[in-house]
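The values are calculated or read from the model by the stated rules, or taken from the named source; none is laboratory data. Predicted model, so just to flag it, every value in this text is computed and none were measured. Here the Cβ positions follow ideal geometry from the backbone for every residue, glycine too, while neighbour counts run over all protein chains shown.
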Amino acid sequence: MDWAKESLQKLESSRPARLNQSAPLPDSTAAEALLKKYHPDYLGHERQLAVGPNAGEQKVPLELAQLLEGDSPIEPDYSPDPEIKTDVLIIGGGGAGATAALTLEGTGLTVHLATKLRLGDSNTVMAEGGIQSAIGPDDSPRRHFADALVGGHGENDVNLLRILCEQGPESIRWLSQLGCLFDQNEDGQFRLRGGGGTSVPRVLACRDYTGLEIMRVLKDAVRLTDTQLLEEHAAMELVDDGNGRVTGAILFDRNAGRPVCVSARAVIMATGGSGQIRLQGFPTSNHIGATGDGLVLAYRQGCRLIDLDTYQYHPSGTCYPEALVGQLVTEAIRSIGAQVVNAEGVHFIDEMAYRDVLAGSIIKEIAEGRGVKTPHGKTGVWLDTPMIDMKNGPGTLARQFPGLIHRFERYHIDPTQTPILIYPTLHYQNGGILVDSECRSNIPGLWACGEVTGGLHGKNRLMGNSLLDITVFGRRAAQSVLANIPERGAVTLTNLQRFRAERTKIKNKTVSPKFFPTASGMKLTPAKAQEKSQKDTNSSNFEPRNPFNF
Amino acid sequence: MTGKTVEIKILGKTIQAKAGETLVHALWAAGMPESVKTGCAGGVCGACTVTLRYSDGRPGGTELACMKPVEAGMEIFPCPVEDDNPVLPVADPELSHLQSAFPTLNRCTKCGSCTTACPMSIPVMDSVLRMQKGEFETVAEDFTTCIHCGLCRFVCEDKVKPHNMGLWVRRSLGMSRNVAITNNEDNAEQEWRYLLAEDRGERLQRARQFRKSGRVGET
């Protein structure tokens, strides 16, 4: 990293003085001012929707608005004829969907779980830092609630938030009984760390692979149940009974290359977030399936959406090397002592500020010329990782953050010796489908849980509350389905037809959902086109095909 | 370091890639996104397993396409690994349980292929030998970073299933642990009444106060 030599020297020379000094934490007035000027949520890249249940209300980001108003990929002459009949269709194979499937096991209901990728390919598996639960001394679900409410700017749905916090300890018990191994202290108690905006240590972790630990256990457990897995089946549309109730979905079987209609008595939407729509061109820490499909499908059915005017830009996304741009550097690194430092070697803000405030302040440093420019033209600030071993003893970083070390190793960067360059990365969809405390959307037959929902986290989520979210509300959605499941209904496209009629008044030509990131060029390819592309491949013509009208 | 392109080969087809980018991004740019299965593009889902070889004679091997930067002359072959049926874990696991759950455990011929294949640098073969001795705590530690890409099982001539056993051991130990988790219910009703003020602004003020001490009326 010779290109950054000068700045690294400044950072190293200021380190002895900084080592045990804290930096200022902006008060609430200063934080608001900072956010308004620099945070991407506040810059006006948003508009109202012209059609659907939220038309004319709260603004949403421009890129998302295009998708929510978009047309369906379903051909106008397609007539839904169910090939699969099930009691519960879960859409989404991440932590929330898997948790719901496990909770429905042994209840007598048949369960199908559809995912456009493989079970477990999700944002859950990529979560690093941990899961919050009020189990420590001086802590309580009330304190957890207060921290999260302040972090969410007081905009959280307090009923949902209270459930989240009260169910924290029970959720850790449930995950432990499934066989999740959370890190323990020498006395055998779970090790608790702080996170941005936690007033006491409350975050449990498995090194910096907490999501991986939870997801691989959930995945293993689900595969031992009677849940029917529909992997590589992308949800294209929901179907309804003609009277407004959701009664199933049309999936696209990526291997067979054709749509499959599913009739279900209840549908649980657990499709996760939308970082891959790359708002304002930001990099993302999300997996490749995070394209907001569930929002689009639910919106066409008439589901109200909430709080989608805010997204979470995680302050520490990787900025260098280029191949790792956008990938997460866990907040836990900051909670055990790595400071955020600008190009001049100045520790400009307390690194445990709320995520939105810290992200805004990093963007400000760069805007005012105190960032470090990479050879690829990106600009970031330093995360002073070598401080961790100085503060906590040699070997701490390698022992507690093997993932970080492993990722940077192949680029010949050793974070125990060299700081990491960071820039905010699009990380989490704060808002989503409006749900009640039983995870029901405002459309009968459709439940939702996890990142696809909104309200719980208000305008900003705290570290460790999303892994808890999927556990608490994945279980809750399943329990509510069990208690309230309707009889099987007819399968029609009435809601879609109504939406299509409404959108004739707008000019938006987008076809949505996206299914995959634009940059990937991945498509849902019908069987005939698959054969053709196979032939072309054999004759060494690798031109990509776009046989569908999206 | 910027702007340079290199040639790599995938499935016999030569493509141009930008120096410094990963194989997955190179395949996206070349219009071949589905030639290698991809899930997270962040090194933790294990979908994008490939084998590769170098033109200069260096030993190739197995890799995750989302983590491997392109190099000139590199030749890539997709290597998807099918899932294997899981085996129910048991609380208080003993060696005999592992042996009956995974009958191929003792077939290991110590060739070391599994360790070579592991993209997470887990000492897989050593850990299989530890499994044979029932050293489960160490095994659980060994497999902390396992992403279940399945390459260790895929390359094993003797049908040993290291990563499946690793997860079985971890889950079994996890289920056996009994860490006390207490719910703090002291003054719960009073505190909820205080925190759930009707007025939004008042509620936020009270939350700000409450989080300082975790109690009503203290700072």
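Numerical summary
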| read-out | value |
| --- | --- |
| Scan of the range A:267-292 for residues that are at positive phi and part of a loop (DSSP other than H, G, I, E, B), ordered by number | A:272, A:278, A:292 |
| Matching entry among B:83, B:56 (being under 19 Å from residue A:213 (Cβ atoms) and modelled with pLDDT under 95) | B:83 |
| Matching option when the condition is surrounded by 22 or more Cβ atoms within 10 Å (Cβ to Cβ), at pLDDT 95 or above and in a loop (DSSP other than H, G, I, E, B), among A:360, A:317, A:326 | A:326 |
| Residue within the range A:194-203 that is facing chain B (nearest Cβ under 7 Å), of a type outside the set (Phe, Trp, Tyr) and surrounded by 24 or more Cβ atoms within 10 Å (Cβ to Cβ) present | no |
| Hits in the range A:260-307 (condition: away from every other protein chain (no Cβ under 14 Å), within 20 Å of residue A:41 (Cβ to Cβ) and among the hydrophobic types (A, V, I, L, M, F, W, C)) | A:277, A:279, A:282, A:295, A:305, A:306 |
| Criterion: of a type outside the set (Gly, Ala, Ser), within 13 Å of another protein chain (Cβ to nearest Cβ) and farther than 15 Å from residue A:472 by Cβ - qualifying residue of A:139, A:77 | A:139 |
| Selection status of residue A:149, more than 19 Å from the chain's Cα centre (by Cα) and at the interface with chain B (Cβ under 7 Å from one of its Cβ atoms) | yes |
| Pairs where the first residue, in the range A:23-43, is β-branched (Val, Ile, Thr) and the second is part of a loop (DSSP other than H, G, I, E, B), C-beta under 9 Å, 6+ apart | none |
| Evaluation of residue A:369 against (1) in a helix (DSSP H, G or I); (2) modelled with pLDDT of 95 or more (one fails), failing number | (1) |
| Sole exception among (1) outside any loop (DSSP other than H, G, I, E, B); (2) farther than 26 Å from residue A:104 by Cα for residue A:264, by number | (2) |
| Tally, over the range B:1-46, of residues that are without any contact (Cβ under 8 Å) to a residue 24 or more places away in the chain, in contact with a Leu (Cβ under 9 Å, 6 or more places away or on another chain) and facing another protein chain (nearest Cβ under 7 Å) | 4 |
| Subset of the range A:1-56 (residues that are of a type in the set (Gly, Ala, Ser), out of contact with any helix residue (DSSP H, G or I) (no Cβ under 6 Å at 6 or more places or on another chain) and under 23 Å from residue A:315 (Cα atoms)) | A:4, A:7, A:14, A:22, A:23, A:28, A:30, A:33, A:44 |
| Residue that is surrounded by the fewest Cβ atoms within 10 Å (Cβ to Cβ), among those in the range A:382-432 that are part of a helix (DSSP H, G or I) and of a type in the set (Asp, Glu) | A:409 |
| Lone qualifier among B:138, B:116 - being in a helix (DSSP H, G or I), in contact with a Gly (Cβ under 7 Å, 6 or more places away or on another chain), hydroxyl-bearing (Ser, Thr, Tyr) and more than 10 Å from chain A (Cβ to nearest Cβ) | B:116 |
| Test: residue in the range B:49-56 that is under 28 Å from residue B:137 (Cα atoms) and out of contact with any Asp or Glu (no Cβ under 6 Å at 6 or more places or on another chain) | no |
| Subset tally (residues that are among the acidic types (Asp, Glu) and in contact (Cβ under 8 Å) with a residue 24 or more places away in the chain) for the range B:92-131 | 2 |
| Residue among A:445, A:464 that is within 23 Å of the chain's Cα centre (by Cα) and of a type outside the set (D, E, K, R) | A:464 |
| Out of A:154, A:120, sole residue that is at the interface with chain B (Cβ under 7 Å from one of its Cβ atoms) and either surrounded by fewer than 20 Cβ atoms within 10 Å (Cβ to Cβ) or without any contact (Cβ under 8 Å) to a residue 40 or more places away in the chain (or both) | A:154 |
| Residue that is farthest from residue A:375 (Cα to Cα), among those in the range A:308-332 that are among the acidic types (Asp, Glu) and away from chain B (no Cβ under 14 Å) | A:309 |
| Condition check for residue A:112: modelled with pLDDT of 95 or more and closer than 30 Å to residue A:348 by Cα | no |
| Long-range neighbours under 9 Å by Cβ, at least six apart or interchain, first residue at pLDDT below 95 within the range A:1-14, second part of a helix (DSSP H, G or I) and not charged (D, E, K, R) | A:1/A:8 |
| Test: residue in the range B:135-143 that is within 26 Å of residue B:78 (Cα to Cα), touching a helix residue (DSSP H, G or I) at 6+ places or on another chain (Cβ under 8 Å) and modelled with pLDDT of 95 or more | yes |
| Residue match in the range B:28-42 (condition: in contact with a strand residue (DSSP E or B) (Cβ under 7 Å, 6 or more places away or on another chain) and in a strand (DSSP E or B)) | no |
| Residues of the range B:142-188 that turn out to be in contact with a Phe, Trp or Tyr (Cβ under 9 Å, 6 or more places away or on another chain), more than 9 Å from every other protein chain (Cβ to nearest Cβ) and among the basic types (Lys, Arg), as a count | 1 |
| Residue count, the range B:189-211 (criterion: part of a helix (DSSP H, G or I) and more than 7 Å from chain A (Cβ to nearest Cβ)) | 9 |
